[in-house]
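What follows is a short report on a single structure.
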Amino acid sequence: MKHNLISTIFALACTLGVSAQVGNVTVSQYGSEPLKIGSVEEWEQVHRPVIMNFFEQEVYGLMPDGQVGITYEVLNECPNALGGKAIRKEVAMHIAGLDTPVLILMYLPANAKGPVPAFLGMNFKGNHQINPDPAITPSPNAPVYKGDPERGAASSRWPVEFIVESGYAVVTLNRDNVDPDFDDGFQNSVHPLFYAEGQTAPKANEWGTIGAWAWSLSRVMDYLVSDKAIDSNKVAVVGHSRLGKTALWAGATDKRFAIAISNDSGCGGAALSIRKVGESVDVINRSFPHWFCDNYNKYRNNESALFVDQQGLIALIAPRPVYVASATLDQWADPEGEYLSALYASPVYELYGLQGLTTPMPAPEQPMNSGHVGYHLRTGRHDITLYDWQQYVDFANRHFGVK
Ligand code: GTR
């Protein structure tokens, strides 16, 4: 009876997008404050679905319901890559309707005794840029730079040796290989595969490019669950900047991701929008009209109308561990706003009896990583560095029981 009441009122709240009363719980605008929810049951039955609905309808857009045929083909496997430290494996993800496969690059620790935990994240400029390893197949569609393919150009962002020596697999794919990072009116790549008869662009509440990237991370997860070398219960999804926004959305929408990590994700990622420090909802939609769904434009210079701020996105990951990181010189991403979102999502973790953040923003290089909500501020610029990865490995070790 109680459940019927909850579902009826929830359906109403979803349809109308307005406040509703469930017992003594009011589902209304949550704003940019700490999320105060009464119980795990209320969170899971009422608030989480309503908040998820908001992010789906108004921010990132709905991912498609429809299925598309996907097959995975192991292209090659080298048992002694990186001077014998790693197994390198490349897998083609063939998406029916697309001419170009998505290339998944994996490095696994050599001599693992069983399935290993993994970090899965997209890269900006091609698989071949994450390490100088000459055997990496260049990602199709990756932007071309002088001296292409610039092997290893992003290796400071991908300390592969450190990660595999820590006992983790690295799994990556290129963003442009999934959905090119420019506004083409969604004429290419995955969006058209799901258009209804006569449809030529996503509807106002349907996915943009961040949604497509997050969807592709779930499709890689579909492969990982079938790969016996991977412990698919221990996959952390990670991303830097626009790909950090993507990692949070992937973590929110797919509960198979055991940890979600946002590195300098800023506006539309971890940072609270209401503050308008650095990049704003207006600026990001002007600069990158393809990232979010059209409905998000309603909130340009109108942040107080947001049903819930970005702390809601982080809370959607609960009770799974989440980690947010910032950099001191990255004011464009609003480090304090990123911290506050993690802090304001923490009460939801506490409902589960888990430790969130409770204290003021820490000084640089003072990671807060003992609970289920991790945070650090690194000295330096907008980037993902070895220091950041060391914190992520440390956090994952703690939650995955490694070492
Ligand atoms: C900037 C953008 C940010 C962030 C960043 C990046 O141009 O304003 O939202 O995503 O790019 O991805 O490096």
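The values are calculated or read from the model by the stated rules, or taken from the named source; none is laboratory data. Bear in mind that the values here come from a model prediction, so they are computed numbers and not experimental data. No Cβ is skipped: glycine too gets one built from the backbone with ideal geometry, and neighbour counts run over all protein chains shown.
Quick rundown of the values:
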read-out	value
Residue, nearest to the ligand (Cβ to nearest atom), within the range 233-273, restricted to residues that are assigned to a strand (DSSP E or B) and within 8 Å of the chain's Cα centre (by Cα)	GLY239
Flag for SER216 being surrounded by 19 or more Cβ atoms within 10 Å (Cβ to Cβ), in contact with a strand residue (DSSP E or B) (Cβ under 9 Å, 6 or more places away or on another chain) and not in a loop (DSSP other than H, G, I, E, B)	yes
Test: residue in the range 31-50 that is among the aliphatic types (A, V, I, L, M), outside any helix (DSSP H, G or I), at pLDDT 90 or above and surrounded by 17 or more Cβ atoms within 10 Å (Cβ to Cβ)	yes
Options PRO143, PRO134, PRO115: the member that is surrounded by fewer than 18 Cβ atoms within 10 Å (Cβ to Cβ), free of Cβ contacts under 8 Å to residues at least 24 places away in the same chain and either touching a Lys or Arg at 6+ places or on another chain (Cβ under 8 Å) or polar (S, T, N, Q) (or both)	PRO134
Which numbered condition MET122 fails, given (1) buried (at least 23 other Cβ atoms within 10 Å of the Cβ); (2) free of Cβ contacts under 8 Å to residues at least 40 places away in the same chain; (3) outside any helix (DSSP H, G or I)	(2)
Identity of the residue in the range 362-393, charged (D, E, K, R) and crowded, with 16+ Cβ neighbours inside 10 Å, that ends up farthest from ALA118 (Cα to Cα)	ARG378
Filtered residue count, the range 362-388, keeping only those that are outside any strand (DSSP E or B), away from the ligand (no atom under 15 Å from the Cβ) and either touching a Ser or Thr at 6+ places or on another chain (Cβ under 9 Å) or acidic (Asp, Glu) (or both)	7
Positions within the range 44-61 being touching a residue at least 60 places away in the same chain (Cβ under 8 Å) and among the polar types (S, T, N, Q), in sequence order	GLN57
Check on SER226, part of a loop (DSSP other than H, G, I, E, B), surrounded by fewer than 24 Cβ atoms within 10 Å (Cβ to Cβ) and hydroxyl-bearing (Ser, Thr, Tyr)	yes
Selection within the range 310-332 - within 16 Å of the ligand (Cβ to nearest atom), crowded, with 24+ Cβ neighbours inside 10 Å and touching a residue at least 60 places away in the same chain (Cβ under 8 Å)	LEU313, VAL324, ALA325, SER326, ALA327
Conditions (1) among the hydroxyl-bearing types (Ser, Thr, Tyr); (2) out of contact with any Ser or Thr (no Cβ under 8 Å at 6 or more places or on another chain); (3) buried (at least 16 other Cβ atoms within 10 Å of the Cβ); (4) farther than 24 Å from VAL238 by Cβ; number of the one not met by SER341	(4)
Single unsatisfied condition, ILE210 versus (1) touching a Ser or Thr at 6+ places or on another chain (Cβ under 8 Å); (2) in a loop (DSSP other than H, G, I, E, B); (3) of a type in the set (Val, Ile, Thr)	(2)
Hits in the range 277-302 (condition: surrounded by fewer than 17 Cβ atoms within 10 Å (Cβ to Cβ), part of a loop (DSSP other than H, G, I, E, B) and away from the ligand (no atom under 13 Å from the Cβ))	ARG300, ASN301, ASN302
